[in-house]
Structure formats: C-alpha cells, structure tokens
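Note sheet for the following structure.
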Amino acid sequence: MTETETASECFSRALALNKKGDKDGAILAYRFCVEEIDPKYVDAWYNLGIMLINHKNDISGAEYAYEKALEITPKDTDIWYNLGILREDKNDIVGAEHAYKKALEIAPEYADAWNNLGLLLMNHQKDITEAEAAYKKALKFDPKNAIVWYNWGVLLMDHKKDFASAEIAYKKALKIDPKFAYAKNNLELLKK
C-alpha cells in the first residue's frame, strides 16, 4: 500500500494476493481500496463481500460490502444474487426473496436466481405453486442445468407426489450430469 497507489492498482494487488493464497492480505487490500482510495470502486466492494463471506464467514461485513456496491450499481444482478444467497444463509428469508426478485427484475432470464427463488419458496415459505413457477422459468432459460432439474424433481416428489414426473426430472439431471449423486439417490428412492 503506497500513498500514490491508484484504486485500479490496489484492486490488482488484491487480486494477486488472493491468487497467491494470501486471503487476509487480499481483504486488507480491498478494504484499503474502498476506504482510503476510492469508496465508489464497485468491484472492490463486491470482491470484498465475497472474500468476507467465503474466508472469514463475516456475514454482516459481506452484507455491508454488497450493499455499498449496490449503492453504486443498483442494477448489478450478480451482486443482488449473492446478497440473496447471503441473506438466505442468515435466515433472512424476506430479504433473500427481495434480493432474488431484484436480480430477476433486472435480468428476467437469470436461471440461477429463478432456481434459488424456487428453493427459497419451496423450503422456507412452503409456497409450492410459486416455487413450481420459478423452477419452470429456470428451466426455460437454462434447460441444461442439472441442479434445476434435480430441484424440480424434489418438488414433484416431495410436495406434489408426482413420482412419474419426478423420475423424469431426475433422469434429465443425470443425463446432464451422470455423477450427480443426489439425483441418483432420489431416483433410487423412487424405485423402492
């Protein structure tokens, strides 16, 4: 960290530290970048959030970093999506749903956000009708996503008791990813 370092140079240094495995050094560099050089450097805020959650399990710090990034770029779908994951992990279901829906307002074709919204609706809110609609949208935009096919199968098997359709969903997941253990296990459960 030098007095003449630009935000871009600081960001590059943080990336290099992370690549070398110096996670603490990378976090410090991202912080320095946004706290001392350029508080509007959105990529540094975003990466800081990722580093804080993944390497420090600092949920509140990561949430703060994502929120700061969104103040700068409120239409960044990846930040909204990651904020949704973080809020779901801390059991802020309303906040997670809001974040996923914001990502989908901006990018209605964002299959991963549809999938996560479906999971949230199915597992936390028990809104099977809306979860089903979310999975259908995810599959519309990414029909080769084994995870979505698996989650769709879970909904069909556990909540709708439509075992024939669940079997089809698990088989589609396995066709895409033949090593998908959860899909194999659930398919075996259907055969019993």
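The values are calculated or read from the model by the stated rules, or taken from the named source; none is laboratory data. All figures in this text were calculated on a predicted structure; none of them were measured in a lab. All Cβ positions, glycine included, derive from the backbone under ideal geometry; neighbour counts span all protein chains shown.
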So is E97 within 30 Å of E167 (Cα to Cα) and either without any contact (Cβ under 8 Å) to a residue 40 or more places away in the chain or within 15 Å of the chain's Cα centre (by Cα) (or both) or not? yes
Only residues that are assigned to a helix (DSSP H, G or I) and of a type in the set (D, E, K, R): list them for the stretch 103-151, please. E105, D112, E130, E132, K136, K137, K140
In the stretch 165-180, is there at least one residue being of a type in the set (D, E, K, R), assigned to a loop (DSSP other than H, G, I, E, B), surrounded by 14 or more Cβ atoms within 10 Å (Cβ to Cβ) and touching a residue at least 24 places away in the same chain (Cβ under 8 Å)? yes
Got a sec? Which of N82, N91, N47, N18 is outside any helix (DSSP H, G or I) and of a type in the set (S, T, N, Q)? N91
How many of the residues making up the stretch 62-76 are crowded, with 16+ Cβ neighbours inside 10 Å, under 17 Å from the mean Cα position of the chain (by Cα) and outside any loop (DSSP other than H, G, I, E, B)? 6
Does Y150 qualify as being modelled with pLDDT of 95 or more and more than 14 Å from A173 (Cα to Cα)? no
Can you pull out every residue in the stretch 137-158 that is over 24 Å from Y110 (Cα atoms) and surrounded by 15 or more Cβ atoms within 10 Å (Cβ to Cβ)? M157
